[in-house]
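Heads up: the structure comes next, in structure tokens.
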Amino acid sequence: MNEPDPTTSTAPPIPPSSSLWRTVAEIERYVAGDGWGAPLRLFALVRTADALDRDPQLAQRLPEHVVAEARADTGHLTSVEQDGLPDVADLDELLGQLAWPAGVDGAALVVERLLVPPDAEAEVRAATSADDEEARAAALAAHPLAEDVRIAVGVLRDGSHECAVRSRSKDSDGEVATGADLVPGLVSALQATLQD
């Protein structure tokens, strides 16, 4: 009996969203390695096969398994962390300043946030003055149901998007929640940075 040739596999190609899902999960684990309290992290996403076509010398700088994966999966993505982010007051301001060149196929962002259940947030809002945002933020942070979370979002120019959310109380790789629509507002804001 002949062994099948692995280079002529009849298995369907992995959909681009699967590659994006893997990339977002890898980025979240990478950032998690630095612990909690990290600043916002931003990544450009490029299709590895296209990058190798543009720069064949790149194969010498990437691990062999990454090159092999990129040759087997044209949707394979490489993330490139962006250094020197502008010092801005909030995330919306930063995203409003971003634009990516045509060679970038997508973007990923990792940010930490404090989440409070809607009932608890309503309770704090009712007990604090709307004029004192600082006091309200402090009360939300001190609430016993407040939860630190790390959110990773990845988007591609074709509209594909994936999210990963890790809570501090369940801080293990096996407890990371994933899904395309976990943080739709952040997905939309990051996708706007890819518009021409």
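The values are calculated or read from the model by the stated rules, or taken from the named source; none is laboratory data. This structure is a prediction, so every number in the text was calculated from the model and none was measured. We place every Cβ from the backbone using ideal geometry, glycine too, and count neighbours over all the protein chains shown. These accessible areas exclude ligands, DNA and RNA; they are computed on the full protein's heavy atoms, side chains included. Shrake-Rupley method; radii C 1.70, N 1.55, O 1.52, S 1.80 Å.
Tabulated data
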| item | result |
| --- | --- |
| Qualifying helices (runs of 4 or more DSSP H) (wholly inside the range 31-130; at least 3 residues being open to solvent by 60 Å² or more (accessible area, probe 1.4 Å) and farther than 23 Å from Val153 by Cβ) | 64-72, 118-127 |
| Some residue of the range 138-152 being open to solvent by less than 70 Å² (accessible area, probe 1.4 Å), of a type outside the set (Gly, Ala, Ser) and under 12 Å from the mean Cα position of the chain (by Cα) | yes |
| Residue in the range 21-29 that is in contact with a Gly (Cβ under 7 Å, 6 or more places away or on another chain), in a helix (DSSP H, G or I), at pLDDT below 50 and surrounded by 10 or more Cβ atoms within 10 Å (Cβ to Cβ) present | no |
| Test: Val149 is more than 22 Å from Gly33 (Cβ to Cβ) and not in a loop (DSSP other than H, G, I, E, B) | no |
| Residues that are within 13 Å of the chain's Cα centre (by Cα) and open to solvent by 40 Å² or more (accessible area, probe 1.4 Å), drawn from the range 155-190 | His161, Ala177, Thr178, Asp181, Leu182, Pro184, Ser188 |
